[in-house]
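Each value in this text was obtained by applying a stated rule to the coordinates, not by laboratory testing. Just so we're clear, the structure is a prediction, and the values are computed from it rather than from any experiment. Note that we place each Cβ from the backbone using ideal geometry, even for glycine, and neighbour counts take in every protein chain shown.
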Amino acid sequence: MKQYLVLSLACLALWGCAEQKQIADQPRLKMIDQIDFSHVHIQDNFWSPRLSKHISATLPVCIDQIENQTGRMQNFVNASKGEGEHSGIFFDDSDVYKALEGIAYSLINNPNPELEKKADEWIDKIAAAQQPDGYINTYYTLTGLDKRWKNMDKHEMYCAGHMMEAAVAYYQATGKRKLLDVSTRMADHMMSLFGPGKRHWVPGHEEIELALVKLYQTTQEQKYLDFANWLLEERGHGHGTKGDEGKWDPAYYQDVLPVRELTDISGHAVRCMYLYCGMADVAALKKDTGYVAALDRLWDDVVLRNMYVTGGIGSSRHNEGFTEDYDLPNLDAYCETCASVGMVYWNQRMNQFTGDSKYVDVLERSMYNGALAGVSLAGDRFFYVNPLESKGDHHRQAWYGCACCPSQISRFLPSIGNYIYGTSDKALWVNLYMGNTTQIQIDNKEVTLKQETNYPWDGQVKLTVTSAQPLNKELRIRIPGWCKNYTLSVNGNQVKASTDKGYAVIKDWKSGDRIDLNMEMPVEIVSADPRVKQNIGKRAIQRGPLVYCLEEIDNPKNFANSNLTASTSFEVKDEPGKLGGIKSVEATTGDQKLSLIPYYTWDNRDAGKMEVWIDYKE
Ligand code: FUB
Ligand code: ZN
């Protein structure tokens with residue numbers, strides 16, 4: 001019997017090898033790799049002030065809240081001593097990890113010994129809270145380890161996932177492995193309990209899946225990728241435990257169907273985004289076309305039937321997520337900042353599979369509107385909920401009891417350089433427009449990319465690509481979905497480039513060529529799908545990637561009866577002294593004048609009403 005068992009296991013292992021080889025032989029599913037932000041030096045009128053504020057305001061706020069204003073760091077200290085109480089919410093550890101990830105990203109392009117020392121201190125405290133069996137979670141350590149791993153909603157794997165992301169980021173930033181070692185011990189602990197032939201488990205809040213993929217990529221330990229895959233496959237088979245007081249049904253947790261059968265987004269928005277990212281990451285490495293097909297279907301459902309014009313998702317406060325298709329209330333919109341950031345993460349992955357710019361269009365929409373509104377211009381106050389209408393009572397806060405959004409912003413902003421460029425076997429992809437100098441090795445050749453632009457305020461972009469040896473790649477330059485007219489020149493000579501999936505394709509270029517993309521950026525009047533009942537008879541204003549809104553403070557007289565008509569004329573006004581420097585839009589209808597500002601800038605002055613969708617008279 002024993003011999004039989006040994007034999008059968010050996011067969012399994014051999015079969016595993018054959019399967020691995022087969023996977024390796026298949027063509028890549030993910031065709032584009034991002035150029036990592038660590039190579040990207042951003043010098044940009046629009047983004048540089050935001051990145052400075054991230055360092056001078058956002059990170060200090062997060063650190064102060066975590067260390068002094070709340071008990072988040074104290075929870076780790078208490079857990080390491082096995083005494084004292086847990087304060088706050090059961091998943092508060094995740095904010096520490098997300099802020100730490102933000103610190104790590106910041107250190108990559110802006111070394112700062114003091115900040116690094118702070119991160120080291122935190123990591124020492126975190127590591128000290130790890131249990132001998134590898135488990136780490138201050139909530140259960142302080143409230144009773146006997147209760148752990150019983151309730152899918154208690155975010156144990158969610159917190160672990162955020163720790164892994166922080167660990168990978170910090171290892172990349174500094175080469176220090178302490179948190180990485182804590183993470184592998186926690187991963188091994190989880191894998192000792194759950195997995196094939198062990199206990200079933202469905203994490204109620206996704207995150208661990210994409211994090212395990214990062215852990216795999218950093219450690220090269222295949223078991224972490226396999227575990228991520230196993231966790232994804234656990235969904236939709238009735239393995240989920242009851243969540244808190246049985247309050248939520250399986251749809252809330254994305255646990256109704258096996259993930260490869262999914263067609264519609266449902267339940268909690270941020271959980272969906274992290275799930276889709278995890279599926280994409282596993283699909284790319286395991287070459288799982290079934291996952292990609294499901295993600296394609298889901299994308300249509302999200303973008304065509306459930307997305308706001310700001311790129312935000314999740315219309316309902318009740319479940320922080322979805323109700324029914326085309327239900328997109330403005331005043332009660334939820335549009336959590338984390339969900340918009342999740343849209344950026346997911347849409348980048350979709351673009352990498354397909355080379356289709358429609359995904360970057362959505363990424364850009366979510367980034368410049370839904371996500372960016374999540375932080376004040378000063379960098380020190382945050383929106384959790386991002387409605388498209390306000391009666392004057394909705395304001396950014398310095399922090400939240402549930403502080404997932406501030407810590408999300410803290411890790412998102414310093415990594416925005418990830419979304420500008422990509423490389424594939426045949427092409428160099430230019431996805432976003434922001435001033436930067438990027439130095440990177442592509443195909444073992446030193447390449448420098450330089451962009452100069454005043455985007456998103458105007459549509460002129462100068463790009464040069466310099467490479468010591470010929471690069472043998474075409475340049476694929478994204479023509480944003482909002483752009484109807486553009487010209488493209490190489491060294492001042494206008495070229496008629498072919499387009500493919502929303503990219504202008506430049507095949508003939510040489511090192512040092514200057515490429516000019518000039519995109520017309522008129523004011524656009526946007527209508528919603530007629531099935532969105534909340535927007536019947538209304539229009540929104542967009543210019544370039546920016547969605548605009550009306551704030552009462554700019555329109556004290558006309559706000560209440562504001563409207564647009566077919567004969568409204570628009571003027572774009574340069575306002576360097578307003579809201580950090582913007583271009584506002586003045587809409588004139590007869591003798592009524594309305595002044596609109598970019599949505600991301602709202603609620604940075606005195607409190608007042610706001611609306612994105614404005615009454616429209618034919
Ligand atoms: O549950 C953890 C995080 O807190 C979620 O992602 C957010 O929606 C908020 O509920
Ligand atoms: Zn959030």
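Quick look at the numbers
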item: Inverse mean reciprocal Cα-Cα distance (Kirkwood Rh) of segment 422-519, Å; result: 13.6 Å
item: Residue order, fewest to most beta carbons within 10 Å, for S415, S407, S316; result: S316, S415, S407
item: Helical segments meeting 20 Å axial Cα length and Kyte-Doolittle -1.0 threshold in the chain (DSSP H); result: 2-25, 93-109, 113-128, 156-174, 178-193, 269-286, 289-305, 337-354
item: Cα centroid of segment 563-594 to Cα centroid of segment 374-451, whole Å; result: 27 Å
item: Cβ-placed point charges (K, R +1; D, E -1), dipole of the chain about Cα centre in debye, nearest 20; result: 940 debye
item: Positive minus negative residues near A269 (Lys, Arg vs Asp, Glu; Cβ under 9 Å); result: -1
item: Overall form of segment 70-248 per C-alpha gyration tensor (a/c, 1.5; a/b vs b/c); result: oblate
item: Cα-centre dipole for segment 340-484 with unit charges at Cβ (Lys and Arg positive, Asp and Glu negative), debye to 20; result: 80 debye
item: Extended-chain gain in nm, criterion 0.36 nm per residue less alpha-carbon gap, N472 and D300; result: 58.5 nm
item: Mean shadow area of the chain over all directions, Cα convex hull, nm²; result: 29.0 nm²
item: Residue-averaged [θ]222 nm for the chain, counting only DSSP H segments that reach four residues, each worth -39500 (n - 2.57); result: -11000 deg cm²/dmol
item: Potential extension, D529-E85 segment - 0.36 nm per residue separation minus Cα distance; result: 154.7 nm
item: Along principal axes, Cα extents of segment 523-615, largest first, whole Å; result: 38, 27, 26
item: Farthest toward positive dipole pole in the chain [+1 Lys/Arg, -1 Asp/Glu at C-beta], among A504, G134, C159; result: A504
item: Debye intensity ratio in log₁₀ form over the Cα atoms of segment 186-314, taken at each q of 0.16, 0.22, 0.23 Å⁻¹; result: -0.80, -1.37, -1.45
item: Rotationally averaged projected area of segment 350-506 (alpha carbon convex hull; nm²); result: 11.5 nm²
item: Low-density loop cleavage sites - trypsin sites (Lys or Arg not before Pro) in segment 161-236, where at most 13 other Cβ are within 10 Å (DSSP); result: K198
item: Set K98/K214; K538/K593; K30/K426; K98/K450 screened for pairs whose C-alpha atoms are more than 22 Å apart; result: K98/K450
item: Dipole axis of the chain (+1 Lys, Arg; -1 Asp, Glu on Cβ), positive-most option in C405, G102, Y170; result: Y170
item: Dipole magnitude of segment 507-617, debye to nearest 20 (Cβ charges: Lys/Arg +1, Asp/Glu -1, about Cα centre); result: 280 debye
item: Normalised contact order of segment 156-235, rounded percent, pairs of Cα under 8 Å and 6 or more residues apart; result: 36 percent
item: Separation of alpha-carbon centers, segment 155-186 and segment 215-257, rounded to whole Å; result: 19 Å
item: Most positive-pole-ward Cα, A587, T289, N535, against dipole of the chain from beta carbon charges; result: T289
item: Distance (nanometres) between label positions extended 7 Å along Cα→Cβ at A24 and E446; result: 3.3 nm
